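Enquirer: Pasting in a structure now, in structure tokens, and then I'll have a few things to ask.
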Amino acid sequence: MKLEVKLLGQTFSNPLLPASGPSVGSLHSLEFFNDSKVGGIVTKTISITGAKVKKPCIVASNHLVYNTELWSELPLTEWYKYILPELKKTLKKPLIVCAGYTSEDFEQSIPVLEEYADFFEVSTHYGKDALKDLVTSICRLTDKPVFIKLSPHEQDYLGFIETAISCGAKGVVAINSVGPGICVSLKNRAVTIGVNEGHSWISGPAIKPIALQRVMSIRRHYPDLPIIACGGVSTAEDVLEFILAGADLVQMLSSALINGRQVYDQIVDELPFVMNKYKIDSIESLRKTPLEIIPKGKGGFPKIDQSKCVLCNKCVKICPEMAMSLDKVIITDPSRCIRCGLCESRCPTEAINGVL
Ligand SMILES: Cc1cc2nc3c(=O)[nH]c(=O)nc-3n(C[C@H](O)[C@H](O)[C@H](O)COP(=O)(O)O)c2cc1C
């Protein structure tokens with residue numbers, strides 16, 4: 001089972017990387033990833049001065065994370081004088097350095113960060129006009145490949161990417177957090193975290209479909225553009241879905257904030273088993289397989305494999321038409337069933353087939 005990914009002259013032992021955020025904002029956290037099984041490392045966004053972040057700033061539920069973080073709270077000097085030189089001494093994998101935010105910042109930061117970066121990643125919160133100056137200025141300062149991180153709020157994202165490429169960007173990271181949203185504390189009768197009218201930014205499994213759509217659409221328009229997917233990954237299956245949608249590499253942050261940092265190694269360990277289950281030889285071959293956009297499911301009535309059914313009754317409870325019932329075994333009433341597929345998608349033992 002081949003997990004390796006070669007991209008723009010770098011070799012990643014597998015496609016999973018951390019995403020920019022608090023988990024990669026200090027030497028000890030970067031060292032954790034250096035010793036873990038992820039294929040590469042990404043830093044928190046580095047700017048000239050450290051961000052002043054109003055606390056509290058991160059809250060999670062089971063399916064999403066709210067945050068009001070900005071960029072690294074440590075200044076540029078701390079990064080290039082201490083953190084990155086120390087990390088470099090033992091570095092075992094490619095390093096993506098995230099830099100922000102303006103052309104003036106880059107004049108100072110890129111020359112001192114250059115020797116540590118295999119790729120640069122630049123997050124963008126600007127319109128296309130500002131983007132031109134931004135990408136041109138960073139690409140003038142470095143020969144290292146520059147990846148532009150896409151905000152999900154960019155409506156004309158293909159035009160945005162076209163502009164970035166024409167100014168020298170070599171790839172795209174899709175996507176950043178979604179929002180604004182609000183997170184409410186009933187206890188305090190106030191937003192739990194929030195800036196500027198109580199706004200916070202949303203990430204984690206809840207945003208995965210949006211990230212998948214962007215990755216698939218960008219891949220269909222740019223067959224050879226390096227794409228790093230980001231947004232909502234929590235399992236080895238998710239990583240493979242993003243590769244099938246067209247990603248070369250896949251970043252993850254929020255699921256580790258929700259469930260713990262051990263998920264990185266768990267996912268890398270599980271990748272070969274999931275690849276085996278779906279008959280995938282290598283990440284490279286999956287990446288080259290086109291994702292079909294016409295559903296291939298049969299759309300028939302649900303068939304119950306009684307040898308797999310554990311009579312948990314989930315399909316009975318969730319069927320919106322109340323077409324399933326338990327009478328010693330699960331039975332479907334075809335006069336009610338609308339062949340929607342919900343029961344098959346939620347059966348915990350994969351005992352239902354024939355619809356999806
Ligand atoms: C607490 C927190 C801090 C973040 N800080 C940064 C950052 O400094 N720079 C950046 O480009 N993205 C930042 N992000 C966005 C993530 O890198 C990522 O794009 C987003 O969370 C979606 O991925 P996920 O669902 O796997 O978390 C941050 C996200 C969170 C939750």
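The values are calculated or read from the model by the stated rules, or taken from the named source; none is laboratory data. What you see is a predicted model; the values in this text were computed from it and never measured. In this analysis, Cβ positions are derived from the backbone assuming ideal geometry, glycine residues included, and neighbour counts consider all displayed protein chains.
Enquirer: Select from the range 25-44 the residues that are in contact with a strand residue (DSSP E or B) (Cβ under 7 Å, 6 or more places away or on another chain) and closer than 18 Å to residue 81 by Cβ and write down the one among them that is farthest from the ligand (Cβ to nearest atom). Write out each step before concluding.
Expert: If we filter the range 25-44 for residues that are in contact with a strand residue (DSSP E or B) (Cβ under 7 Å, 6 or more places away or on another chain), which is where we start, we get 30, 33-34, 38-44.
Among the residues that remain, those that are also closer than 18 Å to residue 81 by Cβ are: 30, 43-44.
Values: 30: 14, 43: 9, 44: 5 Å.
Top of the filtered list is 30.
Enquirer: While we're here: Out of the residues in the range 102-144 meeting the condition of being crowded, with 20+ Cβ neighbours inside 10 Å and aromatic (Phe, Trp, Tyr), tell me which one is farthest from residue 35 (Cα to Cα).
Expert: Among them, the one singled out is 106.
Enquirer: Still on this structure: Which residue pairs have Cβ atoms under 6 Å apart, sit 6 or more places apart or on different chains, and have a first residue in the range 320-337 that is in the same structural domain as residue 309 (by TED's automatic domain parsing) and a second that is assigned to a loop (DSSP other than H, G, I, E, B) and polar (S, T, N, Q)?
Expert: 326/313; 329/306
Enquirer: Return only the number of the condition from (1) within 14 Å of the ligand (Cβ to nearest atom); (2) touching a Gly at 6+ places or on another chain (Cβ under 8 Å) that residue 235 does not satisfy.
Expert: So the condition that residue 235 fails would be (2).
Enquirer: Taking the range 208-232 on its own, how many of its residues are of a type in the set (A, V, I, L, M, F, W, C), surrounded by fewer than 24 Cβ atoms within 10 Å (Cβ to Cβ) and within 11 Å of the ligand (Cβ to nearest atom)?
Expert: The total comes to 1.
Enquirer: Give me the pairs: first residue in the range 278-294 and without any contact (Cβ under 8 Å) to a residue 12 or more places away in the chain, second residue assigned to a loop (DSSP other than H, G, I, E, B), beta-carbon distance under 9 Å, and six or more apart or on different chains, which are they?
Expert: Note: pairs meeting the criteria are 290/246.
Enquirer: Do any helices (runs of 4 or more DSSP H) entirely within the range 238-356 hold 2 or more residues that are within 16 Å of the ligand (Cβ to nearest atom), and if so, which? Can you show your working first?
Expert: On the way: elements: 254-259, 263-277, 283-288, 314-318, 342-346.
By residue number, 254-259, 263-277.
Enquirer: For the structure I just gave you, tell me whether residue 244 is touching a helix residue (DSSP H, G or I) at 6+ places or on another chain (Cβ under 8 Å) and crowded, with 17+ Cβ neighbours inside 10 Å.
Expert: In short, yes.
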